[in-house]
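> My structure is below; once you've seen it, I'll send some questions.
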Amino acid sequence: MSRLRSMLGGMLFLLLTACAEAPHLPAQPDVMAGLLARFDRLAGASAEEQRRAHATARAAFTQDRSDLNRLNLALTLLLPHANRDDDRELLSLLDSAALSPIQPDDPAAEARRDLARLLHLLVSRQLRQAEDDGRRIGSLAHQLREERRRTAEMQQKIDRLLAIDREMRKGKRW
């Protein structure tokens with residue numbers, strides 16, 4: 001899961017640097033740029049600072065379930081040291097933000113929704129990949145157990161043949 005977080009962090013960094021001058025950003029670019037810049041800063045912060053940022057974002061979201069707070073909480077959940085127990089919570093937050101209606105009086109809403117959609121897509125793909133990897137690991141573990149069982153059976157057969165060979169050699173000496 002740490003690999004997932006680091007990959008998503010790298011993708012968000014690329015997104016931040018690539019979209020910093022995007023012409024389609026709304027009239028309030030400071031809100032989105034600030035949100036992404038904060039994530040970028042926190043990605044390199046200490047584990048304790050990341051946990052504090054996550055707790056602050058969760059408290060803000062609990063008080064006001066706005067899309068901005070939802071997206072902020074989702075971004076803190078992507079941090080490597082966030083207290084995240086359930087990846088489905090992250091997907092749920094991103095899903096809600098991606099599907100929320102755009103308010104005409106909020107020019108940054110479309111950019112937030114687009115970011116939420118992108119993050120949802122990336123997280124979903126990473127989770128599917130992790131599940132596929134888990135299944136492959138399970139299959140390989142099963143194959144390994146089978147090979148060990150067969151190896152033990154072969155070793156038992158070899159030991160029996162060696163015992164028979166020793167008995168036959170003893171018999172010829174008498």
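The values are calculated or read from the model by the stated rules, or taken from the named source; none is laboratory data. It should be emphasised that the depicted structure is a prediction, and the values quoted were computed from it without experimental measurement. Using ideal geometry, Cβ is built from the backbone for each residue, glycine included, and neighbour counts are taken over all protein chains shown.
> Taking residue 74 as the residue in question, decide whether it is surrounded by 10 or more Cβ atoms within 10 Å (Cβ to Cβ), part of a helix (DSSP H, G or I) and either modelled with pLDDT under 80 or over 13 Å from the mean Cα position of the chain (by Cα) (or both).
Spelling it out, it is not the case that residue 74 is surrounded by 10 or more Cβ atoms within 10 Å (Cβ to Cβ), part of a helix (DSSP H, G or I) and either modelled with pLDDT under 80 or over 13 Å from the mean Cα position of the chain (by Cα) (or both).
> Scan region 110-128 for residues that are of a type outside the set (Asp, Glu) and without any contact (Cβ under 8 Å) to a residue 40 or more places away in the chain and jot them down.
Of everything in region 110-128, those that are of a type outside the set (Asp, Glu) and without any contact (Cβ under 8 Å) to a residue 40 or more places away in the chain turn out to be 117, 120, 121, 124, 125, 128.
> So, one more: Being of a type in the set (Ser, Thr, Tyr), outside any helix (DSSP H, G or I) and either over 15 Å from residue 96 (Cβ atoms) or in contact with a His (Cβ under 9 Å, 6 or more places away or on another chain) (or both) is the filter here, so list the residues in region 38-69 that pass it.
Of the residues in region 38-69, the ones of a type in the set (Ser, Thr, Tyr) are 46, 56, 62, 66.
From what's left, outside any helix (DSSP H, G or I): 46, 66.
The one that is of a type in the set (Ser, Thr, Tyr), outside any helix (DSSP H, G or I) and either over 15 Å from residue 96 (Cβ atoms) or in contact with a His (Cβ under 9 Å, 6 or more places away or on another chain) (or both): 46.
> Here's a follow-up. Could you pull out the residue among 140, 91 that is closer than 26 Å to residue 49 by Cβ, surrounded by 10 or more Cβ atoms within 10 Å (Cβ to Cβ) and under 23 Å from the mean Cα position of the chain (by Cα)?
Just one listed residue meets the conditions, 91.
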